[in-house]
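Worksheet: one structure, shown below.
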Amino acid sequence: MSSKTLNISTSPHIIANVSTDTIMLNVVYALLPVAGFAVYSFGINALLVILTTTISAVGTEHYLCKLSKKESTVGDWSAVISGLLLGLTLPPTFPLWMAFFGGVIAIALGKFIFGGLGYNVFNPALVGRAVLQAAFPVAMTTWYPAMALDRFSSISTSVLSTPFMQPTVDVVSGATPLSAFKFDNIIADSSDMALGLISGSTGETCAVLILLGGIYLIIRKMMNWRIPVAILGTVIVLSGILYLVDPQIYPSPVFMLFSGGLMLGAIFMATDMVASPITPLGVVVYGAIIGILVVVIRIWGGLPEGVMYAILLANAISPHIDNMIRLRVYGTSKQTKHD
Amino acid sequence: MRSSINFSQFFSGNARRGTFKHGVHPPENKDETNGLPIRQFPFSPLIILPTVQNIGSPSEIVVREGQEVNRGQLLAKATGYMSVPLHSPESGIIRKIKNVPTISGKMVPGIYLEALPSSTQEVMDGTPVELESATREEILQGIQDAGIVGLGGAAFPTHVKLKVPDGKVCEYLMINGIECEPYLTTDHRVMLEQADDIFMGIRYLLKSTGAPKAIIGIEANKLDAAEHLRSNIPEDLPVTVEVVPVKYPQGSEKMLITSVLGREVPSGGLPIDVGVVVANVATTAEIGRLLPHGRGIQERVITITGPGVKKKGNYLVPIGTPLRYVLEQVEAAENISEVYMGGPMMGVAVSNLDISIVKGTSGIVVFTSEDVKRPTKIYPCIKCGACVDACPMTLNPSKLGILAKFESYDLMADEYNLLDCFECGSCSYVCPSHIPLVQYFRLSKSIVRKRIVARKELEYVQ
């Protein structure tokens, strides 16, 4: 002991047992059942799409880090989340080359040019999806029915379509509940929607698994529960009021809740910590804005689905929410700045 | 209260009744020592006393080399108002007067005292401070003469802290028995074993502050201490015991006042601005024990614990006992790698074992190389808001951390209340990206303070 060299460090000398990479890894865990169900429901096509976006997102992150002579940040698992989420929001028979392109865009434009993890203004996966939506509107709205009999035996030709060529549409179109409602005014069965026995993007169909994933993260304190609660609550209240006004024209709150990408968006996309406000009241306002936008776009907008744009818009105003809504500093009448 | 969702809390994270806003729950690790009674620590053959043991100015040595001194004899006198004297913790011979190392790394004038083995170690008495007849000022003078500083760890001269400025009224005397630092159990044991001293101390403090009543604040993990004190309150003493939920950093006096009284100490202000004077419970016990005899402080209760210590416990250790001697006596492990003076949240890591126990040492926590959990990697801030939910001052550590990186110190102070940070470490504790936030803030604060001084000097010159 006499000649012992002691380590010195500044206080605090103990830290909580949580780390950014473990948070990200747990989000991946929470997403795996959702992805598993996507493969079960939509077959080998969905598997290929999800794998492609994940590989391209991770590969892009690694390549860009090397290009800018930085240590690769792939190990923080955030690129895996972006890739998985992007894959889960694409139609099951989406051409793989487009999916690959989406993954590159998500990381390069959605995250890396802002400075990487922690600096992105928007949810990277949604940036990728928005670009794909704008670039390939037909492919983005070509749906495939759930539980097709040949889903594990054949790969759709559109999935393997040659890059930069118009994909041949060979699939039996399976309209999503939202587009069926929007264009044909058909309401899908709500228990089918909750369990995911419907057509839609690969990972957005099974609301139950998405909710379970969210509850897992909330219990582990790795997700801000106020965000999904505020979004879903706003959607229920607003669509409930409309439904009470005229049930013939407006869909029920249950339909609104379980259709399209709302559940996936509310639980896994809007909760991106970097792109959401930091104060408790701020995130509630942020969630309410998303909820209002979703209802407005779905019911009065030209598109069947509005979750993506709702979240992207809310991401953009999130710094302003932080600027306007501040906590009062202890012992002062002044509000802390959060911008 | 806990099970139902409070609506205002949903939006703002407001304080529940009975506690302050935010805070963290580090593992307490108090079970190993909170049941162990206070034991007298062996007298070290050599005592090394630095003259800087408190915030403020150092003490001035009044003895010479070779002089024989008795236990309790004055060794160094106070040098002004923000200073306290130093008394001999052992009977012995002054061997040397020369510079000694301190925890900050600075060498300061100090005294090497060699114990006389044959001595009885009986304590010298001075002039008692009579509770009945003493004036406010005489009590404060008595506290200064006893060399008492805040024993909770801050080592701020107690008589200065207790002074109620003209024009202010003290409504409550708050006795701080919170002890929110993990591992430490000294205040717990003092409350269980020294109730009479505490109540005697409260009598002196009530008189010196003019407060009509005293409140002892205790966290819910020390219910036995709360019960013991409650059942022993003398009938004529206006004291109540308040139990508050366990949460770090409740032992900070601002947090304690908010938890118990619901009042907020204004930014840059003192507890007396909301009618409160706070004293640590061990400090209070010391006042109650020393003043009736006119003695000076020569020893204090310290929790010596941590995975690297074999004989864990709460010990009454003479001030000036060398740390190396302490660790040998408690059989510290061979592979110790970090030693903290104080608790692991706000304590200071020791760089060398040649320093001594000082008046402000509330605990010694020893970690071996296996117990130290250091983050291997710092990730970027992901704005998760964990620090915002942890900061008891409701600051935004996330934003402050980013500004510190850009060296925007003035902005941090002017717009983001940097100077309200008291370095409790809650933000660093919870940060999943392991950003050394407190370290940034400590540095930023010192730079801001220097700039403020420089600005004032400039104004003075002009």
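Where a number appears in this text, it was derived from the coordinates with a stated rule and is not lab data. None of these values were measured; they are calculated from a predicted model. Neighbour counts run over all protein chains shown; Cβ positions are idealised from the backbone, glycine included.
According to the Kirkwood relation over distinct C-alpha pairs, the hydrodynamic radius of region A:20-324 is 19.1 Å. At q = 0.22 Å⁻¹ the log10 of I(q)/I(0) for region A:233-315 amounts to -0.99, computed by Debye summation with a single uniform scatterer per C-alpha, solvent ignored.
All Cα-Cα distances of region A:54-130, cut into 10 Å bins from zero to the largest, leave 22, 58, 18, 2 percent in each bin in turn. Across region B:53-201, the convex hull enclosing all Cα atoms gives 165 Å³ per residue.
Straight-distance candidates among the lysines for linking to B:K310, with alpha-carbon spacing under 20 Å and chain neighbours fewer than 8 residues away dropped: A:K4, B:K30. Multiplying each eigenvalue of the alpha-carbon gyration tensor of region B:117-188 by 5 and taking the square root yields semi-axes of 25, 23, 11 Å, largest first, rounded to whole angstroms.
Within 10 Å of the Cβ of each residue in A:319-331, the mean number of Cβ atoms contributed by other protein chains is 5.
Over 18 Å between Cα atoms: which of B:K222/B:K247; A:K221/B:K383; B:K373/B:K445 fall into that group?
Details: B:K222/B:K247 13 Å; A:K221/B:K383 14 Å; B:K373/B:K445 27 Å.
In this structure, B:K373/B:K445 exceed 18 Å between Cα atoms.
Let me confirm one metric for peptide A:218-229, namely the mean number of other chain beta-carbon atoms within 10 Å of its residues' beta-carbons.
On the way: counts 0, 0, 0, 4, 2, 1, 3, 0, 2, 0, 0, 1.
For peptide A:218-229, the averaged partner shielding equals 1.
Placing unit charges on the Cβ atoms only, positive for Lys and Arg and negative for Asp and Glu, gives the protein assembly as shown a dipole magnitude near 1180 debye about its Cα centre.
Excluding same-chain neighbours fewer than eight residues apart, the aspartates and glutamates reachable from B:K312 by a Cα-Cα span under 17 Å are B:E28, B:D31, B:E32, B:E181, B:D187, B:E328, B:E331, B:E334, B:E338, B:D371.
What residue among A:L257, A:L244, A:L313 shows peak mean-square fluctuation when chain A is described by a Gaussian network model with Cα springs under 10 Å? Its mean-square fluctuation being the largest, the pick is A:L244.
Output the Kirkwood hydrodynamic radius of region B:169-309, Cα pairs only, in Å rounded to one decimal.
On the way: mean 1/r = 0.0652 Å⁻¹.
The answer is 15.3 Å.
Taken along the Cα-to-beta-carbon direction at a fixed 7 Å, the label points for A:L32 and B:D196 span 6.5 nm.
Solvent-free Debye calculation, one equal scatterer per alpha-carbon of the protein assembly as shown: log10 I(q)/I(0) at 0.08, 0.10 Å⁻¹ equals -0.76, -1.01.
Put the Cα centre of region B:419-462 next to the Cα centre of region A:54-85 and the gap is 35 Å. Here region B:386-461 is described by how far its Cα atoms reach on the three principal axes: 47, 22, 17 Å, from widest to narrowest.
Filter B:K163/B:K207; A:K69/B:K377; B:K399/B:K456; B:K168/B:K213 down to the pairs with a C-alpha to C-alpha distance above 20 Å, please. Don't jump to the answer; show the numbers that get you there.
Details: B:K163/B:K207 11 Å; A:K69/B:K377 18 Å; B:K399/B:K456 28 Å; B:K168/B:K213 16 Å.
Pairs exceeding the cut-off: B:K399/B:K456.
Among the GluC sites (Glu not before Pro) in region B:123-205, those located in a DSSP loop and surrounded by at most 15 other Cβ atoms within 10 Å of their own Cβ are B:E130, B:E132. Report summary: the helix-based calculation at 222 nm, which adds -39500 (n - 2.57) for every DSSP H run with n ≥ 4 and divides by the residues of the protein assembly as shown, gives -12000 deg cm²/dmol.
Using per-residue counts of other Cβ atoms within 10 Å, averaged over each peptide, order A:236-242, B:276-282, B:161-167 from highest down. Please report the intermediate quantities before stating the final value.
Numbers: A:236-242: 17.3, B:276-282: 26.3, B:161-167: 14.1.
For the peptides A:236-242, B:276-282, B:161-167, the packing ranking is B:276-282, A:236-242, B:161-167.
Taking every Cα-Cα distance in region B:167-229 and sorting them into 5 Å bins from zero, the calculated P(r) comes out as 4, 17, 27, 21, 16, 10, 4, 1, 0 percent. Loop-located trypsin sites (Lys or Arg not before Pro) in region B:168-241 (DSSP state not H, G, I, E or B) with no more than 16 neighbouring Cβ atoms inside 10 Å: B:K168. Averaged over peptide B:394-406, the number of partner chain Cβ atoms lying within 10 Å of each residue's Cβ comes to 3.
The dipole here belongs to region B:386-461: it is taken about the Cα centre, uses +1 on the Cβ of Lys and Arg and -1 on the Cβ of Asp and Glu, and is about 220 debye.
Tell me whether chain B comes out rounded, prolate or oblate; compute the Cα gyration tensor, take square roots of the eigenvalues as a ≥ b ≥ c, and use a/c under 1.5 as the rounded threshold. Cα axes put chain B in the rounded bin.
Checking Cβ-Cβ separations below 4.7 Å across chain B identifies B:C170, B:C180, B:C381, B:C384, B:C391, B:C421, B:C424, B:C431 as cysteines lacking any candidate disulfide partner. For B:L316 and B:E60, the difference between the fully extended length at 0.36 nm per residue and the C-alpha to C-alpha distance is 89.6 nm.
I'm checking a number: the convex hull volume of the Cα atoms of region A:78-169, normalised per residue, in Å³. What is it?
On the way: hull volume 8.6 nm³, N = 92.
Once divided by residue count, the hull of region A:78-169 is 94 Å³.
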